[in-house]
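The values are calculated or read from the model by the stated rules, or taken from the named source; none is laboratory data. Bear in mind the structure is a predicted one, so any value in this text is a computation, not a measurement. Cβ: placed from backbone, ideal geometry, glycine included. Neighbour counts: every protein chain shown. Note: areas computed on protein heavy atoms with side chains; ligands, DNA, RNA excluded. Shrake-Rupley method; radii C 1.70, N 1.55, O 1.52, S 1.80 Å.
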Amino acid sequence: MAVNLKARDFLKELDFTKKELAFLLDLSRDLKRARYTGNEVKQMAGKNVALFFEKASTRTRCAFQVGANQQGAGSTYLGPDGSHIGHKESIADTARVLSRFYDGIEFRGFEHSAVEELAKYSDVPVWNGLTNEWHPTQMLADFLTMIEHGRGKSVEDITYTYMGDAHSNMGRSLLVMGAIMGSDVRICSPKHLWPPEDVQDSAHERAEESGARVMLTEDPDEALPGADFVMTDVWVSMGEPDSVWNERIKLLTPYQVNSAAMAKTGNPHAKFMHCLPAFHDTDTEVGKDVAEKTGMDQGLEVSTEVFNSKANIAFDEAENRMHTIKAIMVATIGDI
Ligand code: CP
Ligand code: NVA
């Protein structure tokens, strides 16, 4: 059966088949190539998209705005204080109003139920730009980047290890996405920071269909050997209180991606990935503050050395946010 994603929402990976996600990855690659060769065709001419951000963003916001613009569409950015949503107007009413103006709505928020509610009442596609639970647009960028840097390996042959806070959006999304796509996925974290049981169950179910190998472990010595890609994310996510920093540092320091961790892959070609922003030195307020309190002045979730090494492909990954987000918009509201 042909893949047709027209008018579909893009809320979480589990809503999609492997074939549909593979289609979006192919489309991303095609759009990237068209951009690089000066052959981009505007498939969203005359459209408009609304971009809601209840949390801060650099990559996701810019990827939607630039991607829409390159495709001929207009965009409206609404920041945390930029609309009545949630304060004076319900999510449902906001969705009903915006559907009259826009062809698609991006939403970054806290509880995943909010983006589900928006999609329920919207007549136009809703795209999840990150919730506490899922980060699906990031997954397309991560997979496109792994395919590009995978030395010819197919997604089914790629092995990746995610180290650190695995109960957050990135841990959950990486577990589930790899399970759907048929990859070798290793999630390495203290047990009480693993994705919740229902997410683990869904991952195991999808792995049975796809042939994915799924490992959840507390032991880096088990998770790292043979990895093509080693990934991590911030130890405290947006929306979590600062008070959890101390506990996270204590729990997650053994899971820092440093040179010793990279060496444990046994793979001289292993690459480092991070959705960004990353705490890899003391050049940020948080990085400096934590360094002053703990003495960790050589990075938190990733060491300064690994971040500055040739193994780091996080900036290719960041660029791919744009090509993949463009693909999601083109596939769901574009003239294809
Ligand atoms: N990776 C990511 O989502 O980055 P932003 O928070 O800058 O959008
Ligand atoms: N887990 C991080 C991802 C940031 C892109 C957060 O939610 O803050």
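Can you bin segment 100-175 into rounded, prolate or oblate? Criterion: square roots of the alpha carbon gyration tensor eigenvalues sorted a ≥ b ≥ c, rounded for a/c under 1.5, prolate for a/b above b/c, oblate for the rest.
Taking the square roots of the gyration eigenvalues as a ≥ b ≥ c, segment 100-175 is oblate.
Please report the spacing between the Cα centers of segment 132-159 and segment 55-123 in Å, no decimals.
Using only Cα atoms, the two centres lie 25 Å from each other.
Select from segment 241-336 those trypsin sites (Lys or Arg not before Pro) which occupy a DSSP coil region and have at most 11 other Cβ atoms within 10 Å, ordered by residue number.
Lys310
So, for the chain, what is the accessible surface per residue at a probe of 1.4 Å, expressed in square angstrom?
42 Å²
Apply the a/c threshold of 1.5 to the C-alpha gyration tensor of segment 1-129 and tell me whether it is rounded, prolate or oblate.
prolate
How large is the helix-only mean residue ellipticity at 222 nm for the chain, computed as the sum of -39500 (n - 2.57) over DSSP H runs with n ≥ 4, divided by its residue count, in deg cm²/dmol to the nearest 500?
-13000 deg cm²/dmol
Please sort by residue number the trypsin sites (Lys or Arg not before Pro) in segment 142-199 whose DSSP state is loop and whose Cβ has at most 10 other Cβ atoms within 10 Å.
Hits after loop and neighbour filter: Arg151.
Starting from the Cα gyration tensor of segment 225-336, take the square roots of the eigenvalues, sort them a ≥ b ≥ c, and report rounded, prolate or oblate (rounded when a/c is under 1.5, otherwise prolate if a/b is larger than b/c, else oblate).
oblate
Would you mind checking the pairs Lys12/Lys326; Lys6/Lys55; Lys12/Lys47; Lys12/Lys55; Lys18/Lys326 and listing those with alpha carbons more than 22 angstrom apart?
Table pairs above 22 Å Cα-Cα are Lys6/Lys55; Lys12/Lys47.
What does the charge count near Ile91 come to, summing +1 for each Lys or Arg and -1 for each Asp or Glu among other residues with Cβ under 13 Å from its Cβ?
-3
Percent of accessible area on the chain owned by carbon and sulfur, 1.4 Å probe?
It is 50 percent, rounded to a whole number.
Setting aside same-chain residues fewer than 8 positions from Lys264, which lysines have a Cα under 25 Å from its Cα?
Cα-Cα hits under 25 Å: Lys153, Lys191, Lys250, Lys310.
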